[in-house]
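The values are calculated or read from the model by the stated rules, or taken from the named source; none is laboratory data. Model, not experiment: these values are computed from the prediction. When we count neighbours, we look across all protein chains shown, and the Cβ atoms used for this are built from the backbone with ideal geometry, even at glycine.
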Amino acid sequence: MTDLEPSRKPTRVVLADDHPLFREGVASLLGRSGDAVLVAEAATGEEAVRLADEMLPDVVLMDLKMPGMGGTEATRRIVGHNPHIGVIVLTMFEDEESVFAALKAGARGYVLKDADRGMLLDAVRAVARGEALLGPSVARRVLEQFAQVNPPAPESTPSAPSLGAESFDELTPRELEVLRLIARGLRNREIAGRLVISERTVGNHISNIFAKLQVADRAQAIVRARQAGLGDEAGKEGYDAPGRMRPVS
């Protein structure tokens with residue numbers, strides 16, 4: 001028995017890379033996966049944007065360095081046109097400028113081309129579920145950057161004043177609303193019920209929040225939100241006992 005449920009449709013993927021041999025290798029990998037199908041290939045950023053609009057795939061695998069429009073700008077346009085499409089950057093570049101530019105553009109995954117092929121399939125599956133996945137070295141850079149931006153305050157130093165929602169001006173109003181509910185400890189299912197949207201849509205919003213705030217997981221997003229004063233009512237809904245946060249999905 002395979003992990004793929006009989007009723008579940010294969011993940012539809014568009015691949016954007018200007019190297020034909022590399023595209024051929026990825027196409028073969030996806031073809032053997034059993035739960036993903038390559039529906040189109042692009043050699044430029046412009047083609048990737050056009051094909052994403054036409055094919056409406058679940059996932060776009062995006063190289064950063066291509067002729068014409070680069071992968072970062074193509075990612076920004078694809079996510080802007082179709083927020084439900086999950087973009088995974090697939091590149092040789094792991095410098096901080098490339099990583100954070102792609103994440104800010106809306107990428108939900110960042111995998112190096114020399115990574116284990118299983119990592120790429122894991123990323124495709126995770127992003128198709130509305131999650132985010134970064135390669136180990138990339139995740140480490142994100143965590144290091146997060147630590148530099150948010151150094152621990154000495155115990156004797158008074159708490160900084162709350163910055164409020166204005167500190168998240170990169171988020172859309174809906175993403176900010178989702179972040180506020182995350183900070184209150186609500187699970188995805190509860191957020192979906194509160195906002196009258198699907199759990200998949202909630203997952204997509206959360207993935208965009210992670211990318212825009214440059215955080216690696218839900219716990220870090222909660223920390224950022226609480227530092228800014230969001231979710232002050234967490235004691236009413238998100239905690240089973242003082243100081244103990246209940247598990248979140």
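Scanning the range 77-95 for residues that are out of contact with any strand residue (DSSP E or B) (no Cβ under 9 Å at 6 or more places or on another chain) and surrounded by 17 or more Cβ atoms within 10 Å (Cβ to Cβ), which turns out modelled with the lowest pLDDT? If we take residues in the range 77-95 being out of contact with any strand residue (DSSP E or B) (no Cβ under 9 Å at 6 or more places or on another chain) and surrounded by 17 or more Cβ atoms within 10 Å (Cβ to Cβ), then P83 is modelled with the lowest pLDDT. For A115, the conditions (1) hydrophobic (A, V, I, L, M, F, W, C); (2) surrounded by fewer than 22 Cβ atoms within 10 Å (Cβ to Cβ); (3) modelled with pLDDT under 90; (4) closer than 21 Å to S198 by Cα all hold with the exception of (4). Check whether at least one residue in the range 63-86 is touching a Lys or Arg at 6+ places or on another chain (Cβ under 7 Å) and in a strand (DSSP E or B), and report yes or no. Yes: the range 63-86 contains one or more residues that are touching a Lys or Arg at 6+ places or on another chain (Cβ under 7 Å) and in a strand (DSSP E or B).
Selection of the range 166-209 for residues being closer than 18 Å to A126 by Cα, among the polar types (S, T, N, Q) and part of a helix (DSSP H, G or I) yields N188, T201, N204, S207, N208. Run down D95, D58 and say which single residue is of a type in the set (D, E) and free of Cβ contacts under 8 Å to residues at least 12 places away in the same chain. Answer to the check: D95.
One line per residue, one yes/no per condition, for (1) in contact with a helix residue (DSSP H, G or I) (Cβ under 9 Å, 6 or more places away or on another chain); (2) at pLDDT below 90; (3) not aromatic (F, W, Y):
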position: R50; (1), (2), (3): no, no, yes
position: M62; (1), (2), (3): yes, no, yes
position: A107; (1), (2), (3): yes, no, yes
position: Y110; (1), (2), (3): yes, no, no
position: L121; (1), (2), (3): yes, no, yes
position: P136; (1), (2), (3): yes, yes, yes
position: R140; (1), (2), (3): no, yes, yes
position: Q148; (1), (2), (3): no, yes, yes
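Only one of the listed residues (G70, G31) is surrounded by 14 or more Cβ atoms within 10 Å (Cβ to Cβ), farther than 21 Å from A132 by Cα and either assigned by TED's automatic domain parsing to the domain that holds A101 or more than 22 Å from the chain's Cα centre (by Cα) (or both). That residue is G70.
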